[in-house]
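The values are calculated or read from the model by the stated rules, or taken from the named source; none is laboratory data. Just so it is clear, the model here is predicted, and its values are computed rather than measured. We place every Cβ from the backbone using ideal geometry, glycine too, and count neighbours over all the protein chains shown. These accessible areas exclude ligands, DNA and RNA; they are computed on the full protein's heavy atoms, side chains included. Shrake-Rupley method; radii C 1.70, N 1.55, O 1.52, S 1.80 Å.
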Amino acid sequence: MNGTKEKKLPSKNAKAKVIRPLGYLERFEAALHSLDFYRSNMVTCRFAIPASLIPGSGLDPNDLLAILMQKVESAIALVVLEHSLLRVGLRNEHSRKPSFVELESVDFRNHIEWRTLSPSVDYEGELLRLIRDRLDVMVESAETKPAWRILALHIEGTDFVDIMCEWGHAHIDGMSMKIFHETLLRKLNNGDEAGPSIFKDRVLTIPPEKRRDLLPPLHALVEFPLTTRWAVSTLWKEVKVPAGHSRLLANWAPIRVTPYVAQYRHFSLDNGTLQKVLAACRQHKTTLTGLVQTLAIFSLATRLSPEKARGFIGTTVVNLRPIMSSKYIRSHNIDPNNTMANFVTMVDHEFDTDLVAKIRARASGSPDKEAHNYMATLGEFVWPTAEKVRGDLQKRLDEGTKNDMMGLLKFIPDYRLLLKDWAKKPRVYSIAVTNLGVIDGNPSNATSATEAEGGELSSKWTIDRGIFSISPEAHHAAFVICPLAVKGKELYVSCDWQEVAIDKTLAEGIVADLESWLRYFGR
């Protein structure tokens, strides 16, 4: 009998590793990953290296890269210890109810890759290619390691390193990765390093007291109250799409789950141009998110015929952190704004057939899309529409978590079956915008590593650039736009689409229109 008990012990120990089941939103994201409906998300930040770690600092040039790697990885180790979802595994990803499991260690050899490039390389072209290629490479959600990976890019002899961090959405959202980079910057500037007792030979040993300190999921932290009328009407749309609503569906881009190939482009605006765009947004009572959503819809309206699309539905990813409040959050001193997790929802925007017809009628009189008179003419419709989009978003924030789509997730028994069913229906969304806002890349007002202050180069790290890129979800929006700016620096606008969903000429036309319009408003 004793022998039988001893044989059962390993099984009991394995079960004890489970921390908690995934929450509703986490399970939904895991199902997307499991079905190969999306593959990767990434935020790439350019970290300016302090003068003490660049050529000419007095250190042996052959040692500089090794010292740089050690400092960056040691700081990353502390970030991982600070944010619990970066150090848990995922069990039974392909089941209805996966679970997060505890890990004893994280081997950075499986998560962080360093590449040093020659100065002769077309670096910006290589970076664009790497982002595009890696969006098609799935971030593994394994039981034995957390779902994130980093590619660190450094050009020999330069004063910056680009840190490309990718993650699995079952664990965290896009705002979490913004928090990751800001936390990493703080650790680097504080000079914090993980000691050899926990970080040695690129392996982070997780202290026992931190192996199970996982926050409850979103729906356990805040309530999502629903009125009966709203819930019934929303669920009924899944059964029978209203006639007026059906004319807005993205039938011009039928859902095709395979082959999964993401296409990607990005462009940037300098800070001067960005500030003029933002000033125009404030003047017209909207935001950059509202403007970008509107401009993408206007581009589609002028590039697609009425036979292909009479109206459109767009959607915006909304960060729930600013409106999260509950007794649990207050009593446990949780700061959602600095917490890495899945704290998001979606807000829809309808662009009806009358508006789209007016846009087309006005645009038809000005065939030259690059001409300022064309943009000035359509501007009459741009700003009121962008203000309406901003109103949709503000309504969500004003109402808090009441009558939010997140409240319906608990009624769905199997997200995999739901997604498979959605993939058989017409595509709903034409455009999705997910805006991470602004990263403060120099919170202590230190100069960058390439600037002088009082005759001396700065000893501080700064973030000089940020790029947000995602692989589009096969069943969701046909075209995805991801803005991200660094305070006082450039704005990068990334555009993503599934190759089998949109014609390349049309997609690149939308990208060109977005850039032209933003430069027009920032002139």
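Summary of values
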quantity: Among (1) more than 15 Å from Glu380 (Cβ to Cβ); (2) surrounded by fewer than 21 Cβ atoms within 10 Å (Cβ to Cβ) - the single one Ser299 does not satisfy; calculated: (2)
quantity: Boolean, Tyr24 is touching a helix residue (DSSP H, G or I) at 6+ places or on another chain (Cβ under 6 Å), aromatic (Phe, Trp, Tyr) and at pLDDT 95 or above; calculated: yes
quantity: For Ile67: the one exception among (1) open to solvent by less than 50 Å² (accessible area, probe 1.4 Å); (2) modelled with pLDDT under 95; (3) more than 26 Å from Gly437 (Cβ to Cβ); calculated: (1)
quantity: Residue list for the range 467-522, filter: touching a helix residue (DSSP H, G or I) at 6+ places or on another chain (Cβ under 7 Å) and assigned to a loop (DSSP other than H, G, I, E, B); calculated: Glu473, His475, Gly488, Lys489, Glu490, Gly522
quantity: Failed item, numbered, when Ile179 is tested on (1) touching a Ser or Thr at 6+ places or on another chain (Cβ under 8 Å); (2) modelled with pLDDT under 95; (3) of a type in the set (Val, Ile, Thr); (4) under 30 Å from Thr401 (Cβ atoms); calculated: (2)
quantity: Test result for Ser197, among the small types (Gly, Ala, Ser) and open to solvent by 40 Å² or more (accessible area, probe 1.4 Å); calculated: yes
quantity: Test: residue in the range 368-386 that is assigned to a helix (DSSP H, G or I) and in contact with a strand residue (DSSP E or B) (Cβ under 9 Å, 6 or more places away or on another chain); calculated: yes
quantity: Per-region count, the range 100-132, residues part of a strand (DSSP E or B), surrounded by fewer than 16 Cβ atoms within 10 Å (Cβ to Cβ) and in contact (Cβ under 8 Å) with a residue 60 or more places away in the chain; calculated: 2
quantity: Selected residue (only one of Val438, Val433 is more than 20 Å from His219 (Cα to Cα), buried (at least 20 other Cβ atoms within 10 Å of the Cβ) and modelled with pLDDT of 90 or more); calculated: Val433
quantity: Complete set of residues in the range 156-175 that are more than 15 Å from Leu128 (Cα to Cα) and among the hydrophobic types (A, V, I, L, M, F, W, C); calculated: Phe160, Val161, Trp167, Ala170, Ile172, Met175
quantity: Selection from the range 310-356 of residues that are of a type in the set (A, V, I, L, M, F, W, C) and closer than 21 Å to Thr234 by Cα; calculated: Phe312, Ile313, Val317, Val318, Leu320, Val344, Met346, Val347, Phe351
quantity: Condition check for Glu93: open to solvent by less than 40 Å² (accessible area, probe 1.4 Å) and not in a strand (DSSP E or B); calculated: yes
quantity: The range 243-267, residues that are assigned to a loop (DSSP other than H, G, I, E, B) and either loosely packed, with under 11 Cβ neighbours inside 10 Å or of a type in the set (Lys, Arg) (or both); calculated: Arg247, Arg256, Thr258, Pro259
quantity: Count of residues meeting criterion [open to solvent by less than 10 Å² (accessible area, probe 1.4 Å), aliphatic (A, V, I, L, M) and outside any helix (DSSP H, G or I)] in the range 133-183; calculated: 12
quantity: Number of positions in the range 396-410 that are open to solvent by 70 Å² or more (accessible area, probe 1.4 Å), in contact (Cβ under 8 Å) with a residue 12 or more places away in the chain and assigned to a helix (DSSP H, G or I); calculated: 2
quantity: Any hit, the range 339-361, residues being exposed (fewer than 14 other Cβ atoms within 10 Å of the Cβ), modelled with pLDDT under 95 and outside any helix (DSSP H, G or I); calculated: no
quantity: Long-range neighbours under 7 Å by Cβ, at least six apart or interchain, first residue hydrophobic (A, V, I, L, M, F, W, C) within the range 191-211, second loosely packed, with under 15 Cβ neighbours inside 10 Å and in a loop (DSSP other than H, G, I, E, B); calculated: Ile198/Pro207; Ile206/Glu104
